[in-house]
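In what follows, a structure is listed as structure tokens, so that the remarks can point back to it.
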Amino acid sequence: MKNRILLFLSLIVSYSTMAQEIPEKDIFTATIRYHYGIILPHHKSISYLVNDQISGIEFNLGIIPNQNKNWGSLYKQPEFGLGIYHTSLGNDKILGKATAIYPYVNFPLIKKNRWDFNLQLGFGLAYTKKHFDPVENYTNLAIGSKFNAFFKLMASTSYNFHPRWSMNGGIGFFHISNGAISIPNKGLNAVTSNFGLSYYLNGNKPKYKSIQLKNYKLDDEFSIIWNNGVKQTEVKDEHKYYKTGLSFTYLKGINAKQKIGLGIDLFYDESANRGKWNFDPKTDFKNRFSQAIFISHELFLHKFSIVANIGAYTIYETKPEKPVYLRVGLKYGINKHFLASLCLKAHMGKADYIEWGIGYRIKTKKNEKQ
């Protein structure tokens with residue numbers, strides 16, 4: 001009897017040791033939401049077109065990284081995933097409906113045992129069947145192409161009423177436009193309220209443990225990126241003009257999440273100083289060239305970073321639409337040195353063009369833990 005008791009106790013100890021050695025697993029999630037809201041009339045032509053509220057269905061499939069990944073714990077274990085969003089646009093006859101697919105990241109700003117407060121960012125591609133057509137749909141001045149950029153921002157709260165189920169609700173915003181690839185391109189902005197359900201597919205909701213990296217900074221770096229894009233300037237001029245440029249940036253790590261820096265942009269724009277509808281002759285190189293300086297901020301999430309730049313033109317022959325421009329988008333680290341980027345360049349509220357970039361970076365200073 002004594003031997004049996006000892007054997008039983010040893011099995012319990014062995015099982016406990018094995019359980020502690022098993023690493024925590026990534027948790028997969030599925031979420032469905034219903035959205036109801038309005039199109040924001042940022043232009044008179046949009047006010048004229050919109051005649052109804054909007055409603056939509058969203059589905060997210062995501063993954064919450066386990067706590068052995070420090071970059072995940074640093075952001076309170078954010079959820080990464082892929083989303084699909086199908087929505088009306090306020091006028092089924094002229095604007096139709098949109099279907100978007102996009103990667104997203106869901107940041108937990110506040111995380112408790114049963115409830116969270118989250119901020120979700122998503123950026124992807126939207127398909128709109130009813131776009132501008134000079135014969136069949138000439139009143140649609142909002143969207144000029146079938147395929148468009150889609151941006152989503154949502155603040156929400158969720159409550160776990162069961163270890164593997166949670167309910168959520170919040171307020172969301174989305175923007176659809178094509179980045180001036182086709183004209184017209186006034187774009188559509190919408191705000192919605194939403195509610196939904198989430199299910200943890202392969203386990204209970206993970207428990208969060210905070211980590212301390214107060215004295216750790218990301219490494220300083222220098223990068224050069226070659227950007228490319230196309231744009232249309234007038235409805236009556238169907239030609240797509242090529243735009244390209246080089247972006248030189250020096251970034252300094254300020255903490256474990258962020259870098260700030262300064263940079264120089266060199267732009268070449270085929271559409272510069274062309275006159276109305278391409279009737280003017282081609283201009284020379286100096287009229288297509290401009291140079292600018294900018295300040296940059298990047299928020300890093302493992303191999304990705306969220307980019308926000310604000311710049312001002314300093315050298316040019318053709319006067320820009322605005323003296324100041326904005327650039328927002330994403331970068332992805334392919335490996336130690338090479339990176340890819342996708343950004344939207346805009347003159348304040350008006351899109352200039354979508355930049356597709358490939359770049360090279362080197363670390364100029366390695367910031368060690370103090």
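Peptides 154-162, 115-123 ordered by packing proxy, namely the average of other Cβ atoms within 10 Å per residue, highest first: 115-123, 154-162. Taking a ≥ b ≥ c as the square roots of the eigenvalues of the alpha carbon gyration tensor, the stretch 66-111 is prolate, as a/c is not under 1.5 and a/b beats b/c.
Each Cα pair under 8 Å and six or more residues apart adds its separation to the average, and for the stretch 27-200 the resulting relative contact order is 22 percent.
Please state the shape class of the stretch 220-365: rounded when a/c is under 1.5, otherwise prolate if a/b exceeds b/c and oblate if not, all from the C-alpha gyration tensor. Prolate, because a/c is 1.5 or more and a/b exceeds b/c.
Length gain on complete extension for the stretch N113 to S45, per 0.36 nm per residue less the alpha carbon to alpha carbon distance?
Working: separation 68, 0.36 × 68 = 24.48 nm, distance 4.76 nm.
Fully extending the segment from N113 to S45 adds 19.7 nm.
When Rg and Dmax are taken over the Cα atoms of the stretch 15-170, they come to 19.8, 73 Å.
Helix 2-21 axis versus longest C-alpha principal axis of the chain: approximately 10°, rounded to the nearest ten.
The distance linking the stretch 301-370 with the stretch 176-191 is 21 Å (Cα centroid to Cα centroid, whole angstrom). How would you classify the chain from its alpha-carbon gyration tensor, with a ≥ b ≥ c the square roots of the eigenvalues: rounded for a/c under 1.5, else prolate if a/b is greater than b/c, otherwise oblate? Oblate is the answer for the chain, as a/c is 1.5 or above yet b/c matches or exceeds a/b.
Please report I54, I224 as a ranked list, fewest other C-beta atoms within 10 angstrom at the top and most at the bottom.
Numbers: I54 23, I224 14.
Listing I54, I224 from fewest to most nearby Cβ atoms yields I224, I54.
If neighbour count is taken as other Cβ atoms inside 10 Å, put R327, R114 in order from fewest to most. Each step should come with its number before you reach the end.
Details: R327 22, R114 10.
Least crowded to most crowded, the residues run R114, R327.
At a temperature of 4 °C and a viscosity of 1.567 mPa s, determine how fast the stretch 303-347 diffuses translationally according to Stokes-Einstein, using the Kirkwood radius over alpha-carbon pairs as Rh; express D in µm²/s, rounded to the nearest whole number. Display every interim value, and only then the final one.
Details: Rh = 12.1 Å.
The Stokes-Einstein estimate is 107 µm²/s.
Taking 0.36 nm per residue of separation and subtracting the Cα-Cα distance, what length does fully extending F222 through I315 add? Walk me through the numbers before you get to the answer.
Details: separation 93, 0.36 × 93 = 33.48 nm, distance 2.28 nm.
Gain on extension, F222 to I315, equals 31.2 nm.
Put a dot 7 Å past the Cα of L246, heading toward its Cβ, do the same for K97, and the two dots end up 4.9 nm apart.
Taken together, the values in this text are just the output of simple stated rules run on the coordinates, not laboratory data. Note that this is a predicted model, so its numbers are computed, not measured. As a convention, Cβ positions derive from the backbone with ideal geometry for all residues, glycine included, and neighbour counts pool all protein chains shown.
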